[in-house]
1. Kindly indicate which of Ala193, Ala173 is of a type in the set (A, V, I, L, M), surrounded by 10 or more Cβ atoms within 10 Å (Cβ to Cβ), at pLDDT below 90 and over 16 Å from the mean Cα position of the chain (by Cα).
2. Give the stretch 65-96 a look and list any residue that's more than 22 Å from Asp136 (Cβ to Cβ) and of a type outside the set (A, V, I, L, M), or say none.
3. Would you confirm whether any residue within the stretch 71-88 is open to solvent by less than 60 Å² (accessible area, probe 1.4 Å), β-branched (Val, Ile, Thr) and outside any strand (DSSP E or B)?
4. Collect the residues in the stretch 3-46 that are farther than 22 Å from Val145 by Cα and open to solvent by less than 80 Å² (accessible area, probe 1.4 Å), keeping them in residue-number order.
5. Condition first: assigned to a helix (DSSP H, G or I) and in contact with a helix residue (DSSP H, G or I) (Cβ under 6 Å, 6 or more places away or on another chain). Now tell me which residues in the stretch 100-129 satisfy that.
6. For the stretch 139-159, which positions are touching a residue at least 40 places away in the same chain (Cβ under 8 Å), of a type in the set (A, V, I, L, M, F, W, C) and in a loop (DSSP other than H, G, I, E, B)?
7. For the stretch 47-62, name all the residues that are among the acidic types (Asp, Glu) and either more than 15 Å from Ile105 (Cα to Cα) or open to solvent by 100 Å² or more (accessible area, probe 1.4 Å) (or both).
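The values are calculated or read from the model by the stated rules, or taken from the named source; none is laboratory data. Keep in mind it's a predicted model, so treat the numbers as computed, not measured. For neighbour counting, all protein chains shown are included, and Cβ atoms are generated from backbone atoms with ideal geometry for every residue, glycine included. These accessible areas exclude ligands, DNA and RNA; they are computed on the full protein's heavy atoms, side chains included. Shrake-Rupley method; radii C 1.70, N 1.55, O 1.52, S 1.80 Å.
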Amino acid sequence: MAPIPGSGLAKGLAVTLRTMTKKTVTAQYPDVQPELPPRTRGVIALFEENCTVCMLCARECPDWCIYIDSHKETVPAAVPGGRERSRNVLDRFAIDFSLCMYCGICIEVCPFDALFWTPEFEYAETDIHELTHERDKLREWMWTVPAPPALDPGAEEPKEIAAARKTADKLAAEQAAQAEAERSAEAAQPTQAAQAEDAGQPEPPATPPSGPQEGQS
């Protein structure tokens, strides 16, 4: 069936009329902060304690805007006769947000959860050089990282939590068994002392008969 001539224009005018009758709501930014989605990509935060200087984020960054410097330190052996080992120590971790395109690859490839998205977006600067955030500045953004969303009710428990729960339950069972053994030992001590005391007591003398003795009139 051929469309009625002018039906498209009528539909467009109907949408315009509905929009014109609605009340206009203006977002009063910056006095009122916008409600951002949970997965908003604002600035990137660094959790320095988790960083092992593996350089994966810097190698995978398409814009090469991550700068990392480090040095090696020798760690003495943990036990006598053990071998010394070396570890990387982070000296510099910086991100140039004037080059960053917010692709999130650095956060995805980090195997130790050292980088996080934060919804903060108010970090504009008048000088482009100030958009290079060093590790101290990146660490301050960690306070703005939102909590992870709750799991679905039917979702499988994460393997890390399951392993930690299993270890905690095992430790609690061992502590309970040890406490029960200590209580049993304390309860057995008075019984053993009473048995030892009974074994060391002399036998009582025989009681003479109350009737007349032989040879007595």
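1. Among Ala193, Ala173, only Ala193 is of a type in the set (A, V, I, L, M), surrounded by 10 or more Cβ atoms within 10 Å (Cβ to Cβ), at pLDDT below 90 and over 16 Å from the mean Cα position of the chain (by Cα).
2. Residues of the stretch 65-96 more than 22 Å from Asp136 (Cβ to Cβ): 72, 74-86.
Scanning the stretch 65-96 gives Lys72, Thr74, Pro76, Pro80, Gly81, Gly82, Arg83, Glu84, Arg85, Ser86.
3. No, the stretch 71-88 contains no residue that is open to solvent by less than 60 Å² (accessible area, probe 1.4 Å), β-branched (Val, Ile, Thr) and outside any strand (DSSP E or B).
4. Matches in the stretch 3-46: Gly6, Ser7, Gly8, Ala10, Gly12, Ala14, Val15, Thr16.
5. Once the filter is applied, which keeps residues that are assigned to a helix (DSSP H, G or I) and in contact with a helix residue (DSSP H, G or I) (Cβ under 6 Å, 6 or more places away or on another chain), the stretch 100-129 yields Ile105, Cys106, Val109.
6. Val145
7. Applying the first criterion (among the acidic types (Asp, Glu)) to the stretch 47-62 yields 48-49, 60.
Scanning the stretch 47-62 gives Glu48, Glu49.
A quick yes/no check of all residues on (1) under 26 Å from the mean Cα position of the chain (by Cα); (2) within 30 Å of Glu140 (Cβ to Cβ); (3) among the charged types (D, E, K, R); (4) outside any loop (DSSP other than H, G, I, E, B):
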residue: Lys11; (1), (2), (3), (4): no, no, yes, yes
residue: Lys23; (1), (2), (3), (4): no, no, yes, no
residue: Pro34; (1), (2), (3), (4): no, yes, no, no
residue: Val53; (1), (2), (3), (4): yes, yes, no, no
